[in-house]
Structures are given as structure tokens and as C-alpha cells.
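The values are calculated or read from the model by the stated rules, or taken from the named source; none is laboratory data. Keep in mind the model is a prediction, meaning the values are calculated, not measured. When we count neighbours, we look across all protein chains shown, and the Cβ atoms used for this are built from the backbone with ideal geometry, even at glycine. Protein only, heavy atoms only, side chains kept; ligands, DNA and RNA dropped before computing areas. Shrake-Rupley method; radii C 1.70, N 1.55, O 1.52, S 1.80 Å.
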Amino acid sequence: MTQNNDPNNDPAGNTQHFRRFVNENPVSDEPARRPIVPLVLAGVGVVLVIAVAVVIFLALT
């Protein structure tokens, strides 16, 4: 029995495995989205500061 010492038994096999890997694991090109919660909290804080300033202004006049 002879042994097949050819390192390239299936030269297309690696390419096929790579293509299957790429097709099953798509990479998203869109950047990571910033979280919205800190922006909402900052907006609520600004509104509260303005409301407190208006109440103090009305109380003093």
C-alpha cells in the first residue's frame, strides 16, 4: 500500500471551508450605536434645572 504524502489532497477544500465560514459569520459594517439612556437623562436634567430656575424666579418677583 502506498501512502499519499501530497499535502494538497483537496486544494479547493480550504477555500470552500473559508467561504462557508464567511457566509455563516457576516461582519456588520455599521458602527456601534451610542446608548440613548445617558442622553435622555441629560435632557431630563436640563429640563428640571430650567423648571427650578423658573419657579425660583417667579417666587422672588
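Tell me, in nm to one decimal, what length is gained between L39 and Q16 on full extension, where the rule is 0.36 nm per residue of separation less the Cα-Cα distance? Mind showing how you got there, number by number?
Numbers: separation 23, 0.36 × 23 = 8.28 nm, distance 4.61 nm.
Once the chain is fully extended between L39 and Q16, it gains 3.7 nm.
Any idea how far apart I56 and E30 come out in nm if each label point goes 7 Å out from Cα toward Cβ?
Between I56 and E30, the simple spin-label model gives 4.3 nm.
How much accessible surface does V52 have with a 1.4 Å probe, in Å² rounded to 10?
Probe radius 1.4 Å; accessible area of V52 about 80 Å².
For T61, T15, write out the residues from largest to smallest accessible area, computed with a 1.4 angstrom probe and no ligands counted.
Sorted descending by solvent-accessible area, the residues read T61, T15.
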